[in-house]
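Read-outs throughout are calculated quantities, based only on the coordinates presented, and are distinct from any laboratory measurement. Predicted model only: the values in this text are computed from it and were never measured. With ideal geometry, Cβ positions are generated from the backbone for all residues, glycine too; neighbour counts draw on all protein chains shown.
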Amino acid sequence: LLLHLEDRKIGDTNGTIGSALTQNRKIFDELEDLLQTPYFSTYKVDLSDKKCPLEDDGAQCANSQCAIEPLSFGDIDEKLFQSQFLGRLRKDSVHSEAPEGQDDSSYDQSLYHKDACSDVNYCFPEDESVDSEGVWVDLRGNAERFTGYQGPSARNMWGMLYAENCFSYNGDEDATKNNEKKENIVEDLAGIMARPAKREMDAWPDIDTQLDLPNDCIEQRLFYRLLSGLHASISTHLCYNWWNATSEQWEAVLPDWLERVGWFEDRVNNMFFDYALMSRAIYKLIDGYGSELVYSASSNTIDNEVRDALSRLGNDLRSSPLADAIDEQGLYKMPGTAALKTELRQRVRNVNMLMSCVGCERCRLWGKIQTAGYGTALKILLEFPEKASDDPELTKSLLKSFRRSELVALMNTFGRISNSVHAADVFKSQAEEEIKEQ
Ligand code: FAD
C-alpha cells in the first residue's frame with residue numbers, strides 16, 4: 001500500500017500522486033464548505049428505472065440504508081433553479097442576447113436555449129424544469145456510504161458497466177471482432193457472478209488486457225481508467241463510511257479497503273487519475289469560463305457567492321501541478337482517433353444511462369451524479385476550447401446549453417473523488433502507524 005501511494009507519476013498524466021495528496025490537503029475543507037451550500041447540495045434527479053436499458057432482475061436493496069429522502073417542493077429555494085442554463089446573456093459578452101423586448105434577468109432561458117449542444121454531451125444531464133420527472137434531493141442528508149447493496153446484482157451491474165469498454169477501434173471489421181470479445185467478456189463475468197462473491201485477486205477477468213489496449217494510447221485507455229477509478233472511489237467511500245452493526249457506529253475499515261483497493265496498484269492509480277482529470281477540468285472551466293457564466297439569473301447574491309467561491313477554488317488549483325495534469329489538447333487529434341472520441345462519448349453516456357438500473361436508490365443517486373460529473377468533465381476537456389476567446393462562436397453555442405445540473409454534478413463528483421483521496425491519505429497514515437507498532 002505504501003508503495004502504491006508513494007510520490008510517483010499517475011499513469012498517462014503529467015501529475016503525480018504526491019501532488020494530488022498535497023493539493024487535496026489544501027483544498028479539501030474549502031471544497032467541503034462549497035458543497036455544503038444550498039446551491040451545490042440541491043439537485044433534481046430522475047431516480048426511476050424507466051431509462052434502464054436492461055431487463056429487470058427484480059433485485060432491489062431492501063436495506064433502509066439504500067433509501068433516500070427527497071425534499072418536498074416547499075423546502076426548495078426557487079431562486080436556485082429558476083434558470084437551469086448558465087450561459088450568460090449580457091450584450092457585451094460572447095453569448096446570445098435576450099430576445100427583443102425581454103431583459104436579461106427575467107426571461108425564461110429554458111424556452112430559448114433548448115439542447116442545441118446535446119450531441120456533444122457525455123451524459124444525459126438532469127432536467128430541473130418544473131414539469132420534468134424527478135425528485136429534488138438535499139445531497140447533504142443523503143451521503144454516499146455503505147448501504148449493504150452487494151451480491152450478484154451489484155457484481156452483475158459492475159460487469160455490465162465494464163462491458164461497455166469494447167471499442168470498435170478501426171472500422172466495421174474490428175467492430176464485429178470487438179462485439180465477439182464483448183460477448184465473451186459478458187459470458188466470463190456471468191460465470192464469475194454465479195459463484196459466491198469473493199475478493200480474490202484473480203477472480204475478475206482483466207478486461208483491459210483482454211482488449212489488447214496499447215499501454216501508451218491514452219485515447220483507448222481513458223474509458224477503462226475512468227470507470228475503474230470511479231469503482232475504486234465508490235469502494236473507498238463505503239469502506240471509509242462503513243456501518244458497524246455491533247457498535248452502531250460509522251467507521252473507517254482499513255483491512256476492507258486494502259482488500260478492495262489498497263493492495264491493487266492499478267486501482268489506486270486509476271482513482272488518482274480520476275482526481276487529476278477532475279482537477280484539470282474544473283480548473284479549465286473556472287479559469288477559462290467562470291466569468292462567462294451566470295450562476296443564478298434571479299439572485300445577484302447567489303450569483304456572487306457562487307462566483308466568489310469558485311474563483312477562490314480556481315486560484316488554489318492554479319498553483320497546483322495538477323492544473324495541467326491532463327494534456328487534452330493532444331487527445332483524439334491523431335488521424336483515425338476522431339471516431340474514437342465519438343464512441344467514447346456514446347459509451348460514457350451509456351454508463352450514465354445504466355445507472356438507472358442500479359438496484360439501490362442511494363447508490364443509483366450517486367452513480368448518476370458521478371457519471372454525469374465525469375461526463376461534464378470530459379465535455380469541458382474534449383469539446384470546450386482552452387479559453388472562451390479562442391473560439392467565441394463555439395463557446396457561445398456550448399455555454400447556451402450548459403446546465404446548472406451539470407455544474408452541480410461536476411463539483412459533487414470532484415467532492416467525491418477528493419473525499420476518496422482524503423480517505424486514502426488517512427488509510428495510509430493508519431497503515432504507517434500499524435507498521436511502526438509491529
Ligand atoms: P465489487 O466492488 O462488486 O467488484 C466486482 C469485481 O470487480 C471485484 O471482484 C474485482 O475483481 C473487480 N474490481 C473491483 N474494484 C475494481 C476496480 N477499481 N477496477 C477494476 N476492477 C475492480 N455499495 C455501497 O455500500 N454503497 C454505495 O454507495 C454503492 N454504490 C454502488 C454504485 C454502483 C454503480 C454499483 C454497481 C454498486 C454500488 N455499490 C455500493 C455496491 C459495491 O460497489 C459492491 O458491488 C459491493 O460492495 C460488493 O463488493 P464486492 O467485493 O463483491 O466487489
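Taking amide H positions as placed in the peptide plane 1.01 Å from N, state which residues far from Asp138 in sequence (5 or more) or on other chains have amide H under 5 Å from it.
Result for Asp138 returns Leu71.
Given Cβ point charges of +1 (Lys, Arg) and -1 (Asp, Glu) and nothing else, what value in debye, to the nearest 20, does the dipole of region 323-415 about its Cα centre take? Mind dumping the intermediate values first?
On the way: 14 positive and 11 negative charges, 107 e Å.
Dipole of region 323-415, to the nearest 20 debye: 520 debye.
Whole-Hz ³J(HN,Hα) for each residue in region 421-438, computed from phi via Karplus 6.51 cos²θ - 1.76 cosθ + 1.60 with θ = phi - 60°, x for glycine and proline: what do you get?
Karplus-based 3J(HN,Hα) across region 421-438 equals 5, 4, 5, 4, 4, 5, 4, 4, 4, 4, 5, 4, 4, 4, 5, 4, 5, 6 Hz.
Within region 121-158, which GluC sites (Glu not before Pro) sit in a loop by DSSP and count at most 14 neighbouring Cβ atoms inside 10 Å? Please report the intermediate quantities before stating the final value.
Values: sites: Glu126, Glu128, Glu133, Glu144; in loops: Glu126, Glu128, Glu133, Glu144.
Of the GluC sites (Glu not before Pro), the ones in loops of region 121-158 whose Cβ has at most 14 other Cβ atoms within 10 Å are Glu133.
Check each of the GluC sites (Glu not before Pro) in region 287-375 and keep only those in coil by DSSP with at most 10 other C-beta atoms within 10 angstrom; list them in order.
Numbers: sites: Glu292, Glu305, Glu328, Glu343, Glu361; in loops: none.
Qualifying residues, ordered by number: none.
Using only Cα atoms, locate the centre of region 235-307 and the centre of region 391-408, then give the distance between them in Å, rounded to an integer.
23
In this model, which of Lys26/Lys400; Lys284/Lys368; Lys44/Lys341; Lys44/Lys428; Lys26/Lys341 are farther than 31 Å apart at the alpha-carbon?
Working: Lys26/Lys400 33 Å; Lys284/Lys368 23 Å; Lys44/Lys341 29 Å; Lys44/Lys428 36 Å; Lys26/Lys341 34 Å.
The pairs that break the limit, which is 31 Å between Cα atoms, are Lys26/Lys400; Lys44/Lys428; Lys26/Lys341.
Counting Lys and Arg as +1 and Asp and Glu as -1, each charge on the Cβ, what is the dipole of region 237-371 about the Cα centre in debye, to the nearest 20? Can you show the working numbers first?
Details: 15 positive and 18 negative charges, 117 e Å.
I would put it at about 560 debye.
Express in whole angstrom the spacing between the alpha-carbon centres of region 1-35 and region 361-386.
The distance from the Cα centre of region 1-35 to that of region 361-386 comes to 20 Å.
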